[in-house]
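The values are calculated or read from the model by the stated rules, or taken from the named source; none is laboratory data. Small disclaimer: the values here were computed from a predicted structure and weren't measured. Methodologically, a virtual Cβ is constructed for each residue, glycine included, from the backbone with ideal geometry; neighbour enumeration extends over all protein chains shown.
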Amino acid sequence: MTTRGAAPTHRSISAVALIAVLMVGVATPSAVATTTYRYWSYWIADAGTSPEWGYASEGAGTRVPADGSVEGWRFGLAGQVSDIKPSIDPDFESICAGTERQDDTKRVGVVIDPGTVDESPDGEQPGALMATCVVVDESATGLAIAQAVADVRVESGFVCGIDGYPASECAPLVEVPTTSRADDASPTQSDEVDNVDQIDAASGVSDSPDEPPTQETSPTTPLAAALTVSVIAVVGFALWRRSRQAATR
């Protein structure tokens, strides 16, 4: 009778083990990608402010910076906590050192940062980082200032390329691994691009009909998987112990 009673118990343990394998397979998080924009973002540092970049709330086609301002352009992925700000501080005194203002003109610092290789389109390489000072008419807009120092490609009222980079794309939606985002980082609101209206303001010169980016999230976590395995292990051990006790009776 002992032998006959042990076999069903072993089968129960095997069934529990199989369930554990299946549940672990379900609980293991899969690779998830975030959909976001890759584009030229527009940054500003107004005259008289501390040398810190602010995400532009007005398009380059209408914004008219004052003498002593710094304009910045940065190519990269929208909302990435790797920081899409230009990598050079908007220090007007340093960028425009020795440049004198003339009548009916203004001095504006310009920083153009093409970003990193990891953020570049396939088969393309970012160009050189630029920081220069220009003297332009007092009425010059941010777009006119950028055009004074670089070849700017504009499509449908949107700044798509600067000095030939990127070659042809214009703010496409791309997928990036969620692992590229630092979980412990805390980007400021100016770093985030939550919808297309913000992208228009920060890089375009008119409204854009594009849809905002969407983001997928994983339904499980490594912690959930670990808890599932622990529960299965406890249940399996209890059944095994019960079978041992039954076998010794």
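Can you confirm whether A185 is modelled with pLDDT under 95, loosely packed, with under 14 Cβ neighbours inside 10 Å and among the aliphatic types (A, V, I, L, M)? So that I can check it myself, show each step before the final result.
Numbers: modelled with pLDDT under 95: yes; loosely packed, with under 14 Cβ neighbours inside 10 Å: yes; among the aliphatic types (A, V, I, L, M): yes.
Yes: the conditions hold for A185.
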ask   = If you go through region 59-87 one residue at a time, how many are among the charged types (D, E, K, R) and at pLDDT below 95?
value = 2
task = Specify which of the listed residues (V108, V117, V70, V152) is touching a helix residue (DSSP H, G or I) at 6+ places or on another chain (Cβ under 8 Å), free of Cβ contacts under 8 Å to residues at least 40 places away in the same chain and among the β-branched types (V, I, T).
result = V152
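Any chance you could count how many residues in region 155-173 are surrounded by fewer than 18 Cβ atoms within 10 Å (Cβ to Cβ) and in contact (Cβ under 8 Å) with a residue 60 or more places away in the chain? Please lay out each step first, then the result.
Of region 155-173, the ones surrounded by fewer than 18 Cβ atoms within 10 Å (Cβ to Cβ) are 155-157, 163-164, 167-169, 172-173.
Narrowing the set further to residues that are in contact (Cβ under 8 Å) with a residue 60 or more places away in the chain leaves 157, 169, 172-173.
Going through region 155-173 one residue at a time, the tally reaches 4.
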task = Give the number of residues within region 83-142 that are hydroxyl-bearing (S, T, Y) and either crowded, with 17+ Cβ neighbours inside 10 Å or under 25 Å from L173 (Cα atoms) (or both).
result = 4
